[in-house]
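Taken together, the values in this text are just the output of simple stated rules run on the coordinates, not laboratory data. Since the model is a prediction, treat every value here as computed from it, not as a measurement. Glycine also receives a Cβ, built like all others from the backbone with ideal geometry; neighbour counts cover every protein chain displayed.
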Amino acid sequence: MIQKIRKSVTGRQVPAPGFGRILTRMTNSAPRRHLPTSPFRPAPTPQIKRFAVGDRVSHDEYGLGRAIAVEGELAVLVDFGSRQVRITAPFAKLFLL
């Protein structure tokens, strides 16, 4: 890796000002693509969770509940007994039972 270095007053080598910003732009550009000849498997595509009215669900924070309304793939309204919570996609903490 190419790195610009300058000497400080104390004699230590330190990166030139602005170099971190350039390096960040170079490394955060695009996701890595999978080559067809690679022996490694590509990252799996995340599956979209789908819920229907009446489904029993479990949430990491709220516990057990039942889906009482579904807004397509955008949100699910869940009745947890003591409260009703609208949970939006990607439903990371919501699991179908």
key: Residues being under 14 Å from Leu96 (Cα atoms), in a loop (DSSP other than H, G, I, E, B) and either of a type outside the set (Val, Ile, Thr) or within 18 Å of the chain's Cα centre (by Cα) (or both) - total across region 40-61   = 9
request  = Give just the number: which of (1) closer than 30 Å to Pro31 by Cα; (2) in a loop (DSSP other than H, G, I, E, B); (3) touching a residue at least 12 places away in the same chain (Cβ under 8 Å); (4) not aromatic (Phe, Trp, Tyr) does Ile87 not satisfy?
outcome  = (2)
task = Name the single residue, out of those in region 62-80 being of a type outside the set (A, V, I, L, M) and in a strand (DSSP E or B), that is farthest from Phe95 (Cα to Cα).
result = Glu71
request  = Working only within region 64-78, note down all residues that are over 22 Å from the mean Cα position of the chain (by Cα) and over 14 Å from Leu96 (Cα atoms).
outcome  = Ala69
task = Being under 16 Å from Arg50 (Cβ atoms) and surrounded by fewer than 11 Cβ atoms within 10 Å (Cβ to Cβ) is the filter here, so list the residues in region 63-89 that pass it.
result = Gly72, Leu74, Thr88
